[in-house]
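Let me begin by presenting the structure, written as structure tokens, before commenting on it.
The values are calculated or read from the model by the stated rules, or taken from the named source; none is laboratory data. For clarity, every value in this text was computed on a predicted model and none was experimentally measured. No Cβ is skipped: glycine too gets one built from the backbone with ideal geometry, and neighbour counts run over all protein chains shown.
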Amino acid sequence: MALIELERLSLTFRVRQERTIRLKDFILKRMFLPSRNPYMEVRALQDIDLRIEQGDRVGILGHNGAGKSTILKVLAGIYKPTSGRRLVEGRISSLFDIALGFEVEANGWENIAYRSYLQGETPASVRAKKHSIAEFSELGDFLNMPVRYYSAGMMVRLAFSIATAIEPEILLVDEVLSVGDLSFQNKARERMREMMAKAHLMVVVSHDLDSLPQVCNRAVWLDHGRVKMMGSCAEVIAAYRSSVQGHAAAA
Amino acid sequence: MHAYLGSIWNCRFFWLSLVKTDLRSRYRGSVLGIGWSLLHPIAMTTILCVVFGVVFGINVREYAPYLFVGMTFWGYFTSVLVQGCGCFFQGESYIRQFPAPMAIYPLRTALGSGFHFLIGLLLAVLLSLGTGPKDAHISRLFQLLALPSLVPTFVLLFLLGWSVAILCGLLNVRFRDTRHLAEIGLQGLFYMLPIMIPPEQLARRGRLSLVFRCNPLTPFFDLLREPICYGHAPSLMTYTFAATVVLVLCTTAIFALQREERQLIFHL
């Protein structure tokens, strides 16, 4: 049973002003003293309470810098929270930056293997799934080429095919699908619908408010790291839209 | 701790495939292939044998395997240290995308360097079998029989490499010039280790041999040279010294990793 539960979760980045410091500077300029190299605190997420259950498809909206990608990374387990509780049950598959997680010198087939291993597959299961992944991506002969020569759209196709081939219980998607062409977007939406039919759980970040209702049933509006509104997709989108247009009219 | 090691084992296909990619991409399109990684120890050994043999009159037949083993180990140590500095940057795109135990990135470095080390060592064994053992009454058979004593040595060397890579990787993320400082330090360290000095000369240089004996890396040279060059297993004392060094490094690496792992991604 897939489940996501965040309880009073906060994540604060403490970034020093001079981030890449050298040992010589550290000692000579006494940069370990806070006065010399002050911390900047960024409260990325504050007191998030969220419960997502099996069958939910949640969209996350908000302004740039609201914490949407951050919350996805916390859900994936990449960022550890500063305080609060995170409970995620189920096999996770995530699609963040498309260019990341590829071994650019290797070709498409090899990358299918690497990314699958990272998702917990074994060589035997990869061999079985390799061809269906290749078929879904529709990349054909391009799979024999090193990934460094792929376009962004091709990388998304490959990444999405691999991520969804493992039949994850939780799928986390961060704004990557917009890069694919129309036919791929339709295919991706169809596959995500199939996955939903198997009663899984999905969290999607998107700025495309028109397509969001087609995939999601619930939505969360993040504002400056806090949950501003949570509810059915249509409600939240309408509130978000009117708020943004209201600001635009006032300004 | 068990859970952590278990999680490393769980993604074993991933880091094994990374090691394979590293090895393949290093030699893709090159003429000599794996030979390149041996070029440095072979060249150094040849040059020094000529210099010491011709100029100082050292017995090259004994000196060559002695030097070659030393150079091979030095190559391994240098490569885990320097490449270990960059291991988390090398894996940055995976760290940002997939949650995985951080120790696998230094592991990838240690295994890659270990592979080259084993090839070099194989060559050293062949070389020493070719030149014959130091003591004339020890036959080549005894030389071969001493080789299984290398097995615990390999375990110790693997743990050494992994710990060094972890520590250097973590340091380099915090202080970006660690790699440069390490390279400079290594230049000096080279002369504080019994790599180049022929063993006969050592007896006459009391202070230098004292430096060598205090250096924590020296037991590893003995662990490798005793079976390969001299044809007998190393003493228990040597194993103990080496094991102590490895234990200290491993413990430090584990503590450092536990402390830094959660925050690592924020410092990349």
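Rundown of residues vs (1) in contact with a Phe, Trp or Tyr (Cβ under 6 Å, 6 or more places away or on another chain); (2) surrounded by 13 or more Cβ atoms within 10 Å (Cβ to Cβ); (3) away from chain A (no Cβ under 14 Å), yes/no style:
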{"residue": "B:142", "(1), (2), (3)": "no, yes, yes"}
{"residue": "B:155", "(1), (2), (3)": "no, no, yes"}
{"residue": "B:187", "(1), (2), (3)": "no, no, yes"}
{"residue": "B:207", "(1), (2), (3)": "no, no, yes"}
{"residue": "B:210", "(1), (2), (3)": "no, no, yes"}
{"residue": "B:226", "(1), (2), (3)": "no, yes, yes"}
{"residue": "B:231", "(1), (2), (3)": "yes, yes, yes"}
{"residue": "B:237", "(1), (2), (3)": "no, no, yes"}
{"residue": "B:245", "(1), (2), (3)": "no, yes, yes"}
Filter the stretch A:56-98 for residues that are in a helix (DSSP H, G or I), within 18 Å of residue A:218 (Cβ to Cβ) and either among the basic types (Lys, Arg) or away from every other protein chain (no Cβ under 12 Å) (or both) and give the result. A:68, A:71
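Every residue, every condition in (1) within 14 Å of chain A (Cβ to nearest Cβ); (2) among the small types (Gly, Ala, Ser); (3) within 17 Å of residue B:244 (Cα to Cα), yes or no:
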| site | (1), (2), (3) |
| --- | --- |
| B:152 | no, no, yes |
| B:159 | no, no, yes |
| B:162 | no, no, yes |
| B:166 | no, no, no |
| B:174 | yes, no, no |
| B:177 | yes, no, no |
Within the stretch B:205-223, how many residues are among the charged types (D, E, K, R) and touching a helix residue (DSSP H, G or I) at 6+ places or on another chain (Cβ under 6 Å)? 1
With B:5, B:111, B:39 as the choices, which residue is crowded, with 17+ Cβ neighbours inside 10 Å and either away from every other protein chain (no Cβ under 14 Å) or within 23 Å of the chain's Cα centre (by Cα) (or both)? B:111
Is it the case that some residue within the stretch A:103-115 is of a type in the set (D, E, K, R) and more than 10 Å from every other protein chain (Cβ to nearest Cβ)? no
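One line per residue, one yes/no per condition, for (1) over 19 Å from residue A:147 (Cα atoms); (2) without any contact (Cβ under 8 Å) to a residue 40 or more places away in the chain; (3) of a type in the set (Lys, Arg):
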| site | (1), (2), (3) |
| --- | --- |
| A:60 | yes, no, no |
| A:68 | yes, no, yes |
| A:73 | yes, yes, yes |
| A:78 | yes, yes, no |
| A:100 | no, yes, no |
| A:104 | no, no, no |
| A:113 | no, yes, no |
Please work out if residue B:141 is part of a helix (DSSP H, G or I) and more than 20 Å from the chain's Cα centre (by Cα). yes
Looking at the stretch B:34-98, what helices (runs of 4 or more DSSP H) fall wholly within it and have at least 2 residues that are modelled with pLDDT under 85 and closer than 18 Å to residue B:128 by Cα? B:35-50, B:60-85
Index of the failed condition, residue A:8 passing every other in (1) among the charged types (D, E, K, R); (2) at pLDDT 75 or above; (3) on the phi < 0 side of the Ramachandran plot: (3)
Pull up the stretch A:116-125, narrow it to residues that are part of a helix (DSSP H, G or I) and within 8 Å of chain B (Cβ to nearest Cβ), then point me to the one that is modelled with the highest pLDDT. A:123
Keeping to the stretch B:83-94, report how many residues are crowded, with 20+ Cβ neighbours inside 10 Å, out of contact with any Pro (no Cβ under 7 Å at 6 or more places or on another chain) and not small (Gly, Ala, Ser). 4
Complete set of residues in the stretch A:115-147 that are in contact with a Gly (Cβ under 8 Å, 6 or more places away or on another chain) and touching a residue at least 40 places away in the same chain (Cβ under 8 Å): A:115, A:147
The conditions are (1) crowded, with 17+ Cβ neighbours inside 10 Å; (2) closer than 30 Å to residue A:43 by Cβ, and residue A:100 fails exactly one of them. Which is it? (1)
